[in-house]
Amino acid sequence: MAAVTTSTERSLNKLAIVLVLIITMIFLAPIYWIASTAFKPRNLATTIPPTVIFQPEISPFVKLFTKRSQLRTAPTPEQYAAAPWWERLVFDGGEKVVRSGRGEVQWSGYPSRFMNSLIVAITSTVLAVGMGTFTAYGFSRFKVKGEADLLFFILSTRMLPPVVVAIPMFLMYRAVGLNDTHWGLIILYTAFNLSFSVWLMKGFMDEIPKEYEEAALVDGYTRMEAFFKIVLPEAATGIAATAVFCFITAWNEYAFALIMTNRRAQTAPPFIPSQVGSGLPDWTVIAAGTFLFLLPVAIFTFLLRNHLLRGMSFGAIRK
Amino acid sequence: MATAVMTTLDPNSRSAARGMSDLTIRNLFIIPTIVFLIVFNIFPLIYSLGYSFTDFRASSPAAANFVGLQNYRELLNDPFIWSNFAITAKYVIVSVVGQVIVGFGVALLLNRDIPLKGLLTTLLLLPMMLSMAVVGLFWKLLYDPSFGIINYTLGLGSFEWLSNPDMALYAVAITDIWMWSPFVMLLSLAGLSAVPKHLYEAAAIDRAGSFYTFFRITLPLVAPILMIAVIFRTMEAFKTFDLAYILTSQPTTEVISIRLYKMAFQEWQTGRSCALAYIVLIMILAITNIYVKYLNKVKER
């Protein structure tokens, strides 16, 4: 009897492994398709049947970073020979790189949008995690009247739909000239992430034994010294995990960026879809832009894998 | 609000005599955050509450006229707004049910001895970390009727997904299920691994069937954590904007956030959109309240 159970169990286990592998492949297929399209020549991006095996190219990335125009006539052999290797890749695709009168290569809109994303995400993360760490310590160690209500208030600000907040913010920003500026977005993302950072950091702070600081206080440290020299080093892992979460949220944000920026401070999420105009879009260029944009998040997800559960449940589930 | 809170001093404070008192430090640590959130979240909402009683249009220099409850009355009597809510409700149900089935199902499969379980779990979690807008855009290529890989793989010929009014909302929901089932899976796995092993052993000794074991042991013990996932995803699906806005422009996919966005930033009916924002806001706060209750409940276990 027992042997029968284990053998059915073993075959069930095998079935589960096969199913899990198939499901993982289905889940990763769209991401694989982005990555592979980013290295395809344009004519292989939209073929039937889909092209799976091909000679990878770097031309989508060259096109992503430069302004291009259609070639009316094929380049002369001299032009072709004079061009640097990456420009030849563009020639091969039937286009040429736009240059200024003095021959300088004209950049596309992508690099500046990518930089904007970096500036806004990093600054807002530093602010949100910095303030959140102090506040979490305050809630964790001191008696605060109406603590539950205050924490609910803090969390509820994060749950507001972006479009709801964006309408009055847009009007206020217009009045003070913060529309389409880095600071405008940084303030919004800081406010958005601050509540998350307080909730998550409070969980991490609660885990640091109070006795550590009490011992330091007995030894003559002031409360501030104890906080900076004892508590902060203990909380380092928590701070790092919170920071990565805040960075990813700000990096991925779309609705605020769409409404509050249009050119100077525009981040990558509203820019990348705006490249798909009417007509046939060059999916290899979009895939290349998407690939570069997703890469940091994919790396961070691996670094963060043991804290994902905690972050996603606002610190409620620790394990 | 902030000042009313800061009235009690911890009398046992040891360091009160040296350096800054605990009271000062507590206030220094907490008050800036509260003030920041009030200034950048609550104040704008008060500002827009004011506008919701006017006929203000941000695109015109004309001054705002007070119209009382007219905006609210008109919105609540507008059948088109109700159809936007109905579309949102349909979207929430399809996508959350889909996520629970897929997410909980995969969690059940993963909740056993599987080689490379950690790596597989991390890979499965990847979609939910990515940008909805940017990855969502790429799904346009996947759904393309003539050269998308979805139609090719499923052998659907040139089936229309996003340009088909009957299918578009489901297509958006499928993408959402792809992105967010991992979230339900992650929470379910936590719940499943917390079920004490001895309960299963006892059930096995009693010769309980797997059906009985699942419904009497597994499900009740995982339910609270699964509930958190369901409430959180319901709230997020209710607010959804990015995916539907990027993938299609069908009237059948105009969820309430998109209606709100168009009313505010394309039709420039600022006053009216503020009123609609308030109607949405009250609904969200109600769901948030339930959510936080569950969070605290699970935390106390």
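Roughly how much accessible area, to the nearest 100 Å², goes out of reach of solvent when A and B pair up, both sides summed, probe 1.4 Å?
Buried area (both sides, nearest 100 Å²): 9400 Å².
Bin by bin, in steps of 5 Å, what percent of the Cα pairs in region A:121-224 do you find, going until the bin that has the longest distance?
2, 11, 17, 18, 16, 12, 9, 6, 4, 3, 1
Let me know the mean shielding of B:227-240 by other chains, meaning the per-residue number of their Cβ atoms within 10 Å of its Cβ.
2
Apply the membrane-span-like helix rule to chain B: whole DSSP H runs, Cα extent along the own long axis of at least 18 Å, mean Kyte-Doolittle hydropathy at least 0.5. List the helices found.
For chain B, where a helix must reach 18 Å along its axis and average at least 0.5, the hits are B:22-37, B:79-110, B:117-129, B:168-193, B:219-239, B:270-300.
Which trypsin sites (Lys or Arg not before Pro) in region A:117-180 sit in a loop by DSSP (not H, G, I, E or B) and have at most 16 other Cβ atoms within 10 Å of their own Cβ?
Qualifying residues, ordered by number: A:Lys143, A:Lys145.
Using a simple spin-label model with points 7 Å from Cα along the Cα→Cβ vector, what separation in nm is obtained for B:Leu23 and B:Tyr212?
6.4 nm
State the percent of C-alpha pairs, over all pairs in region B:54-105, separated by a distance greater than 19 angstrom.
Here the long-distance tail beyond 19 Å is 57 percent of all Cα pairs in region B:54-105.
Are there trypsin sites (Lys or Arg not before Pro) in region A:190-287 that DSSP puts in a loop and that have at most 11 other Cβ atoms within 10 Å, and which ones?
A:Arg263, A:Arg264
Taking every alpha carbon pair in region B:22-70, what does the distance histogram look like in 10 angstrom bins from 0, in percent?
Result returned by the calculation: 23, 30, 22, 14, 11, 1.
Hey, can you rank A:310-317, A:95-102, B:246-253 by average C-beta count inside 10 Å, highest first?
Sorting A:310-317, A:95-102, B:246-253 by mean packing, highest first, produces A:310-317, B:246-253, A:95-102.
Please quote Rg/Rh for region A:1-85 to two decimal places, taking the Kirkwood radius as Rh and restricting both calculations to Cα atoms.
1.36
Would you work out what percent of the accessible area of chain A, with all protein chains in place, is carbon or sulfur (probe 1.4 Å)?
Accessible surface attributable to carbon and sulfur in chain A totals 64 percent.
Take B:Ile46 and A:Asp92, extend 7 Å from each Cα along the Cα→Cβ direction, and tell me the distance between the two endpoints in nm.
6.3 nm
Apply the membrane-span-like helix rule to chain A: whole DSSP H runs, Cα extent along the own long axis of at least 27 Å, mean Kyte-Doolittle hydropathy at least 1.6. List the helices found.
Passing helices, by number: A:283-303.
May I ask for the net charge around B:Ile87, where only other residues with Cβ less than 15 Å from the Cβ of B:Ile87 are counted and Lys, Arg are +1 while Asp, Glu are -1?
Every neighbour counted, the sum reads 0.
Kindly report, to the nearest 10 Å², the accessible surface of B:Trp268 as traced by a 1.4 Å probe over protein heavy atoms only.
My reading of the accessible area for B:Trp268 is about 70 Å².
What do you reckon, how do A:Asp206, A:Asp92 stack up by accessible area (1.4 Å probe), largest on top?
Descending accessible area places them as A:Asp92, A:Asp206.
Greater than 32 Å separation of Cα atoms is the criterion. Which listed pairs, A:Lys14/B:Lys239; A:Lys210/B:Lys117; B:Lys117/B:Lys299; A:Lys14/B:Lys197, meet it?
A:Lys14/B:Lys239; A:Lys210/B:Lys117
Could you state how much accessible area A:Glu234 has, in square angstrom rounded to the nearest 10, with a 1.4 Å probe and all protein chains kept in place?
Taking all protein chains as shown, A:Glu234 has close to 100 Å².
In whole Å, what are the Cα extents of region B:72-300 along the three principal axes, biggest one first?
Here the spans come out as 66, 45, 27 Å, largest first.
Could you work out the mean count of beta carbons from other protein chains within 10 Å of each residue's beta carbon in A:148-156?
Mean partner-chain Cβ count within 10 Å for A:148-156: 5.
Any chance you could list P(r) for region B:141-208, counting all Cα-Cα pairs in 10 angstrom bins from zero, rounded to whole %?
Answer for region B:141-208: a P(r) of 18, 28, 18, 15, 16, 5 percent.
Heavy atoms only, probe 1.4 Å: what % of the accessible area of region B:56-177 goes to carbon and sulfur, would you let me know?
68 percent
Can you run the Rg to Rh ratio on the protein assembly as shown? Use alpha carbon positions and the Kirkwood inverse-distance Rh.
With Rh from the inverse mean 1/r over Cα pairs, Rg/Rh is 1.00.
Taking all pairs of distinct Cα atoms, average 1/r, flip it, and tell me the Kirkwood hydrodynamic radius of region A:110-312 in Å to one decimal place.
Evaluated over region A:110-312, this radius sits at 18.7 Å.
At a probe radius of 1.4 Å, what is the per-residue accessible area of A:Tyr137, in Å² to the nearest 10?
0 Å²
Let me know the mean shielding of A:24-34 by other chains, meaning the per-residue number of their Cβ atoms within 10 Å of its Cβ.
Other-chain Cβ atoms within 10 Å of each residue's Cβ, averaged: 6.
The values are calculated or read from the model by the stated rules, or taken from the named source; none is laboratory data. What you see is a predicted model, and the numbers here were worked out from it, not measured in a lab. Neighbour counts are summed over all protein chains in view; Cβ atoms, including those assigned to glycine, are modelled from backbone coordinates with ideal geometry. Each accessible area value is taken on the protein alone, full model and side chains, heavy atoms only, with ligands, DNA and RNA left out. Shrake-Rupley method; radii C 1.70, N 1.55, O 1.52, S 1.80 Å.
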